[in-house]
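Data first, discussion second: the structure below is written as structure tokens.
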Amino acid sequence: MVNWCFLSDHVLEVIFSYLDVHDLRNCSLVCKTWYRYLNDENNDVWRLHCIRKLAEEALKSDLLASVPTYKAKLRAFYHAWNPNDCSRNIYVKPNGFTLHRNPVAQSTDGARGKIGFRSGRHAWEVVWEGPLGTVAVIGIATKDAAVQCPGYVALLGSDEHSWGWNLVDNHLLHNGDSQGNYPLLNNAPKYQVGERIRVILDCDDNTLAFEKNYEFLGVAFRGLPDKQLYPSVSAVYGNTEVSMVYLGPPLDG
């Protein structure tokens, strides 16, 4: 009778390479040996899954520089923009992480991530890779928030279902109202295209915060509801592009 917990790493690699991610999660609970093997985020099992799922363009670019392991890259892919949960004027590029807004006049267009959060602490990076236009908002939303509306407006933050930071004028937005300037600094610098912004959602403390250039900017929103909250964005500028990479729990613990 085979003792499955004492198979060599090479044999485990072959077996695990045929399983999907859900099955691998279950396998990690079988025994200490399997947990140890699957907890190595850079082994060949995760590498093979990355090659199968992720576009070569994404793996070779600097876009995933903040998620250095194969397992982390795969996790980021499963949390990326949802091509089925965005405005009809937006599409997700073949790299899987970058959305492109088509040049449609008098329209504001948004998108949400594939996975929402209701518990725990989560961080993701957003990079605006094209012109901001007159309104460019990043933040979070529930499934009840609209992903398209007429005109050029701050769609994210326009109702009770979304919370956003307008990078153009440094205003926080929720329920259609400005919640004040952000960050709370005198003459706070405006966002520069290409800068990485880290979004930090704490579902246990019901807060949303941001970092820019590895500098913590403070809590932006408090008292978030006990609902599934999704990484979100809204844009107005034609042909602008926005990338989002899920990082996992914040590094500060």
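Tabulated data for the structure shown
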item	result
Per residue, the convex hull volume that the Cα atoms of the stretch 43-107 enclose (Å³)	91 Å³
Residue-span extension gain [Ser28 to Asn206] - 0.36 nm each, minus C-alpha spacing	61.0 nm
Mean separation of Cα contacts under 8 Å, 6 or more apart, over the residue count of the chain: relative contact order %	23 percent
Rounded percent of accessible protein surface that carbon and sulfur make up, the chain, 1.4 Å probe	52 percent
Folded to 0 to 90 degrees: helix 44-53 orientation relative to the chain principal axis, Cα	50 degrees
Cleavage-rule hits, trypsin sites (Lys or Arg not before Pro), the stretch 178-223, DSSP coil, Cβ neighbours within 10 Å at most 12	Lys190
Cα pair count fraction exceeding 25 Å, expressed as % - the stretch 113-253	18 percent
Expected 222 nm ellipticity per residue - DSSP helices of 4 or more, -39500 (n - 2.57), all of the chain, to 500	-5000 deg cm²/dmol
Rounded FRET efficiency, nearest 0.05, which uses the C-beta distance separating Thr69 from Val219 and R0 of 41 Å	0.90
Spin-label zone in the stretch 97-125 - amide nitrogen under 13 Å from a point set 7 Å from the Cα of Arg196 along the C-beta vector	124-125
Accessible area (Å², per residue) of the stretch 80-248, counting only protein heavy atoms and a probe of 1.4 Å	41 Å²
Three-way shape label, the stretch 9-63, alpha-carbon gyration tensor, a/c 1.5	prolate
All lysines inside 24 Å of Lys53 as judged from Cα atoms, apart from same-chain residues fewer than 8 positions distant	Lys71, Lys73, Lys93, Lys114
Label corresponding to Cα Rg over 2.2 N^0.38 Å when calculated from the structure given, among (1) 1.09; (2) 1.47; (3) 0.97	(1)
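The values are calculated or read from the model by the stated rules, or taken from the named source; none is laboratory data. The shown structure was predicted, so the numbers you read here are calculated from the model rather than taken from an experiment. Cβ: placed from backbone, ideal geometry, glycine included. Neighbour counts: every protein chain shown. Note: areas computed on protein heavy atoms with side chains; ligands, DNA, RNA excluded. Shrake-Rupley method; radii C 1.70, N 1.55, O 1.52, S 1.80 Å.
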